[in-house]
Each structure stands twice: as structure tokens, then as C-alpha cells.
Amino acid sequence: MKTPVETQLITIGEATVPVIEYQGRRVVTFAMVDQVHHRPEGTARKRFNDNKERIIAGEDFQLVDYSKMSEFRTFGIEVPTRGLTLLTQSGYLMLVKSFTDDLAWNVQRELVNRYFQLPPAKSKAHELPRSVQLLVEQEERLQRVVDEQHRQQEQINAIAKRQEDMDGDTGYMTALAFCRRENIPAPLVFAQKLGRQAAEMCRKLGIRMGSVPDERWGDVNSYLIAVLVECLANK
């Protein structure tokens, strides 16, 4: 029997009892049966003794030797010198056959469905699909980020191309179109700085700035190409 660091508890009806596993099966003590069924102390033991010839050792119950008392103290259970009787699911059901009140039916159902049924053991093979799923989800998130960056860059290029076509041979260009023409890396970030510098130069020198429609910001300034060239040279 494994001795957990912290005892697992479960509530059956109105009673909270420890979960006890012995030799790969969940078991209950007489005291636990009396507790969950709200019966006087000793009721379950008396029923067991009255019908002991019908209950099979090793199948319906296990007798734990006193030498294993330390293993059960984790559950708050003392093993008497005569030994401790543990009932399996079949032994418990045979013992409470005569408990026919409404509480007994509800408790029996809860014990069978929620207590005696061991949770399925998790193996490495069981965990692998979840690990693979997490990797796939991470790859999908990264791909969405890449796709969004690609979409934004295409949008920037398209806007810059339209602005460049609109500028034509007027001698004016937007800062973004100029950066794109000059093959400047990260044109949007650079164009914002270049545009501010070009606008400041135009205001100081009294040079007229143009205006080009932009679907994101409404309108953006365009500048004499010579001004943009001068600002770029001063970077």
C-alpha cells in the first residue's frame, strides 16, 4: 500500500472519510461504514460477524496484521492487535444488504460510483498526445504572428505604392514612399522620423507641403523630394 504525504479525503453523503487503497483496491473499515450510514458504532462489525460464513477472505475482505499499523496512521486509523478488517466493494455490498432506508441507498450509490472506482492510471503514453497538442498549438500561434506581420507589411507596401503613383512627377513624395524607393529597412518606422524632420524643415524655410489621402490616417503630408533627400543626408 502506498502511503501518501497528504491523505486524500472524500465526502460521501454528509460524512468525510479518507480514501484507503490496499493491494491495488479501495477498501473501507467498519468504522467508515458506520460513519457514512449514520449507524451506531459497532453496527457494521456485528453484521460482519453474523454473516462471516458467507463472506470470503481475500475477495470480500482483507485482514491487516498489527505489524502494518504505521502504514494506516496516515489515514488516522489505528490497527488493533487483533488486526484490522478491510472491506472490498463486494464485501461492503454484502454487509449492507439489509440497510434499506433512503440514506442507505444513496450512500451505497455514492460509494460504488465515487469511492470504490479507482481513477485510471496516467502513463507516459497517455500524456504524450497532450504534449504534442501543446506543441501544435504553439506552432499555430507563432504562424499566426508571422502571417499578421506579413499582412501588415503587404499593406504598408501597397499604401506606399499608391502614394508613390499619386505623387507621380510632381516632385513631391510622402516620407513612406520615399523610404520605399530608397530601399530603407523598416520603412514605416524610419518614415515617421523622416517625415517629422522634413515637416520641420518645410516650416522653417516656408516650403509648401502637399497632402495625400491615406486609408489609415486620412491624409499624410508629402514633401519636395529635394527636402527628403536633404533630411536623409542629415540622418
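The values are calculated or read from the model by the stated rules, or taken from the named source; none is laboratory data. Bear in mind the structure is a predicted one, so any value in this text is a computation, not a measurement. Cβ placement follows ideal geometry from the backbone for every residue including glycine, while neighbour counts extend to all protein chains displayed. Surface accessibility is based on the protein's heavy atoms, side chains included, excluding ligands, DNA and RNA. Shrake-Rupley method; radii C 1.70, N 1.55, O 1.52, S 1.80 Å.
Structural remarks
- Loop-located trypsin sites (Lys or Arg not before Pro) in the range 1-102, at most 15 other Cβ atoms within 10 Å (DSSP): LYS2, ARG82, LYS97
- Accessible heavy-atom area order of TYR22, TYR66, highest first, probe of 1.4 Å: TYR66, TYR22
- Gyration tensor over alpha-carbon atoms, the range 41-106, equivalent ellipsoid semi-axes in Å: 23, 14, 11
- Charge dipole of the range 7-46 (Cα centre as origin; +1 on each Lys and Arg Cβ, -1 on each Asp and Glu Cβ, all else neutral): 180 debye, rounded to the nearest 20.
- Taking a ≥ b ≥ c as the square roots of the eigenvalues of the alpha-carbon gyration tensor, the range 14-133 is classed prolate because a/c is 1.5 or more and a/b outweighs b/c.
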